[in-house]
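First the structure, in the form of structure tokens, and then the observations on it.
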Amino acid sequence: MTNNPELLKQNIKQLEVHQQELSNCSRCENMIQPVITGNTVCSNIMTVGQAPGIHEGRVGKPFGWTAGKTLFKWFASIGVEEDEFRKQVYMAAVCRCFPGKNPKGSGDRVPDKQEIATCKSWIEEEYKILQPKLIIPIGKLAISQYLPHKKLSDVVGQQFVIDTPLLQADCIPLPHPSGLSTWFNMEPGKTLLKDALNLIEAHKSWKQIKPDK
């Protein structure tokens, strides 16, 4: 995110055009619209979730339901309440439409490889516009787009560096705050989540959005 007012104005305009194009996307026939996007925010921080849930289509914002309540409690614990967070952080996802319910059990269907690949161009464009300094992937699918891992305990509670032609940023993974998950309420998940939040709180980009007391 630039400090130059003219460049910032240009970036916001680019982001507005981008989100308008994204909102009209209908590339994946098995995904259920509407497309869900976060606020048009030029930010050094980008969160990346898996995909919207069934309720997000009605409320029209990422993490707008039960899992979001847990997620925003985490962020409030390190100094940024939900309203301020949504104004200051760009909220993205691996896929931007609801995948539908899991036909084989509880929870939502995980987007397939083709859907993930099809949606990838949208987040790549966001990297170009925003040039984020901190990526916070939330949940296993989002984390796997950045870091190889077999289990959450391999990566949560640590900070990594992403250095690719499109993205140069720090990466601090979080578990998914789904009510179906018990990982972050039990050890070692409970401690690793706290470690991850401490790393986020200490990051320069987080300090820039944290209100002065």
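Going by amide H atoms built from the backbone, whose H comes under 5 Å of the H on PHE98, apart from near neighbours? Distant-sequence amide H within range of PHE98: ILE32.
3J(HN,Hα) along segment 28-37: 9, 5, 9, 8, 9, 6, x, 5, 10, 10 Hz, from the Karplus curve 6.51 cos²θ - 1.76 cosθ + 1.60 with θ = phi - 60°, whole Hz, x for Gly and Pro.
Step through the table entries LYS61/LYS133; LYS101/LYS207; LYS150/LYS190; LYS69/LYS140; LYS133/LYS190; LYS113/LYS210, compare each Cα-Cα distance with 30 Å, and write down the pairs that go over it. Flagged as over cut-off: LYS101/LYS207; LYS113/LYS210. Within segment 134-180, all pairs of alpha-carbon atoms sorted by distance into 10 Å bins from zero give the percentages 28, 56, 14, 1. Comparing ASP108, ASP170, ASP83 in a Gaussian network model of the chain, where Cα atoms under 10 Å apart are tied by springs, the biggest mean-square fluctuation is seen for ASP83.
With Cβ to Cβ distances under 13 Å as the rule, what net charge do the other residues near ALA142 carry (K, R +1; D, E -1)? Please report the intermediate quantities before stating the final value.
Numbers: positive: ARG96, LYS120, LYS140; negative: none.
Residues close to ALA142 contribute a combined charge of +3.
Cross-link partners of LYS128 among lysines, defined as those whose alpha carbon lies under 17 angstrom from its own and excluding same-chain residues fewer than eight positions apart: LYS9, LYS13, LYS120.
How large is the charge dipole for segment 1-116, taken about the Cα centre, if only the Cβ atoms of Lys, Arg (+1) and Asp, Glu (-1) carry charge, to the nearest 20 debye? Each step should come with its number before you reach the end.
Values: 14 positive and 12 negative charges, 53 e Å.
My answer is approximately 260 debye.
For segment 137-213, the C-alpha radius of gyration divided by 2.2 N^0.38 Å, with N the number of residues, is 1.15. Would any residue of segment 122-138 have its amide N under 19 Å from a label point 7 Å out along Cα→Cβ of ASP163? List them or say none. Zone members listed by number: 131-135. Here the simple spin-label model places points 7 Å from the Cα toward Cβ, and for LYS69 and VAL110 these points are separated by 2.7 nm.
Using θ = phi - 60° in the Karplus curve 6.51 cos²θ - 1.76 cosθ + 1.60, the 3J(HN,Hα) couplings for segment 182-191 round to 10, 4, 7, 9, 10, 7, x, x, 4, 5 Hz; x is entered for Gly and Pro. Using the Stokes-Einstein relation with a Kirkwood hydrodynamic radius computed over Cα pairs, the translational diffusion coefficient of segment 1-61 at 20 °C and a viscosity of 1.002 mPa s comes to 161 µm²/s.
Candidates PRO211, PRO165, ILE143 compared by Cα position along the dipole of the chain: farthest toward the positive end lies ILE143, with charges placed on Cβ. In terms of its C-alpha gyration tensor, segment 64-191 comes out rounded, because the ratio a/c of the largest to the smallest axis stays below 1.5. Taking the DSSP beta bridges with both ends in the chain, the antiparallel portion is around 35 percent. Full extension of the chain between SER121 and ASN24 yields a length gain of 33.5 nm, computed as 0.36 nm times the residue separation minus the alpha carbon distance.
With θ taken as phi - 60° and the Karplus curve 6.51 cos²θ - 1.76 cosθ + 1.60 applied, the whole-hertz 3J(HN,Hα) list for segment 51-60 is 5, x, x, 5, 7, 4, x, 7, 8, x Hz, x standing for glycine and proline. Taking 0.36 nm per residue of separation and subtracting the current Cα-Cα distance, fully stretching the chain between ASN102 and ARG58 would add 13.9 nm. Dividing the convex hull volume of the alpha carbon atoms of segment 94-160 by its residue count gives 111 Å³ per residue.
Classify segment 1-142 as rounded, prolate or oblate, taking a ≥ b ≥ c as the square roots of the eigenvalues of its Cα gyration tensor: rounded when a/c is under 1.5, otherwise prolate if a/b is larger than b/c and oblate if not. Walk me through the numbers before you get to the answer.
On the way: a/c = 1.98, a/b = 1.30, b/c = 1.52.
It is oblate, given that a/c is not under 1.5 and a/b is not larger than b/c.
Of all the options PRO99, PRO188, PRO175, the one that moves most in a Gaussian network model of the chain with Cα springs shorter than 10 angstrom is PRO188.
Helical runs assigned H by DSSP (4 residues or longer) give the chain a calculated mean residue ellipticity at 222 nm of -12000 deg cm²/dmol, each run adding -39500 (n - 2.57) before division by the residue total.
Quick note: the coordinates plus some simple rules give every number you see, no bench work behind them. Predicted model only: the values in this text are computed from it and were never measured. Positions of Cβ are generated from backbone atoms using ideal geometry, with glycine treated the same way; all protein chains shown enter the neighbour counts.
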